[in-house]
1. Which of the peptides 88-94, 39-45 is most tightly packed, and how do the rest follow, going by the mean number of other Cβ atoms within 10 Å of each residue?
2. Based on alpha-carbon atoms only, what is the radius of gyration of the range 101-153 relative to the globular estimate 2.2 N^0.38 Å?
3. Arranged by the count of other C-beta atoms within 10 angstrom, fewest first, what order do L107, L62 take?
4. Most fluctuating residue of G73, G109, G16 in a GNM of the chain with Cα springs under 10 Å: which is it?
5. Kindly state, as a whole number, the per residue volume in cubic angstrom of the convex hull around the alpha carbon atoms of the chain.
6. Calculate the FRET efficiency for Q38 and S162 from the Cβ-Cβ distance with a Förster distance of 25 Å, rounded to the nearest 0.05.
7. For the range 115-132, what does the Karplus curve 6.51 cos²θ - 1.76 cosθ + 1.60, with θ = phi - 60°, yield as ³J(HN,Hα) per residue in whole Hz, taken in order and with x for Gly and Pro?
8. Sorted from fewest to most neighbouring beta carbons within 10 Å, what does the list E52, E32, E149 look like?
Amino acid sequence: MLLMCASATAWATDEGRDSDADGLSDMEEVREYNTDPQLADTDTDGLDDGREINEFFTHPRLVDSDHDGFLDGVEVRHGSDPLDAEDRPHSPDLDGDGISNTDERTLYGSDPQRADSDFDGLGDRLEIERYFTDPSQVDSDGDGFWDGEEVDAGTDPADPQSRPAGRP
């Protein structure tokens with residue numbers, strides 16, 4: 001099954017184009033690998049699609065190619081083989097965000113392998129130490145705006161009454 005995007009036809013016919021600069025042509029991404037030609041890291045595991053295919057031989061649509069519970073990008077960053085389930089990274093802070101793996105799991109409910117566990121545009125450490133928001137919730141104050149969106153707009157992501165200007 002091919003990944004179908006609005007411009008899939010254009011991507012599939014322009015052999016040299018590499019829209020996301022991941023080292024794979026858009027044509028390869030659509031026709032051969034079923035990856036997103038506009039997203040360098042289709043599976044969001046921390047390795048761009050080109051490196052997964054050409055350098056590490058991991059699957060660009062699987063976050064954990066060896067099924068050992070660690071993201072491929074985390075394994076590579078910590079010197080482990082992302083294709084060997086027995087070779088696991090050993091680090092007290094897998095995502096490098098300054099919060100220990102144990103604290104991420106037990107205190108904050110965040111993902112110790114992702115520096116921005118909820119993908120809201122704010123790193124876990126910033127959410128905890130600066131904005132006092134929940135790193136496992138994209139919208140900590142429940143006002144309908146992502147925490148990162150509120151910070152970018154200059155509003156308080158921990159206050160449901162504080163909203164980006166011109167937005168209800």
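1. Details: 88-94: 15.1, 39-45: 20.3.
Result, highest mean Cβ count within 10 Å first: 39-45, 88-94.
2. Details: Rg = 10.2 Å, N = 53, 2.2 N^0.38 = 9.9 Å.
Taking the Cα Rg and dividing by 2.2 N^0.38 Å, one obtains 1.03.
3. L107, L62
4. Of G73, G109, G16, the most mobile in the Gaussian network model is G16.
5. On the way: hull volume 23.4 nm³, N = 168.
It comes to 139 Å³ per residue, whole-number rounded.
6. Values: r = 33 Å, r/R0 = 1.31.
After rounding, the FRET efficiency stands at 0.15.
7. 5, 10, 4, 9, 6, 8, x, 10, x, 4, 5, 4, 4, 6, 8, 9, 9, 6
8. Working: E52 30, E32 12, E149 19.
Ordered by Cβ neighbours within 10 Å, fewest first: E32, E149, E52.
Read-outs throughout are calculated quantities, based only on the coordinates presented, and are distinct from any laboratory measurement. In this text the structure is predicted, and so the values were computed from the model without any measurement. Because the Cβ atoms are built from the backbone with ideal geometry, glycine has one as well, and the counts that use them run over all protein chains shown.
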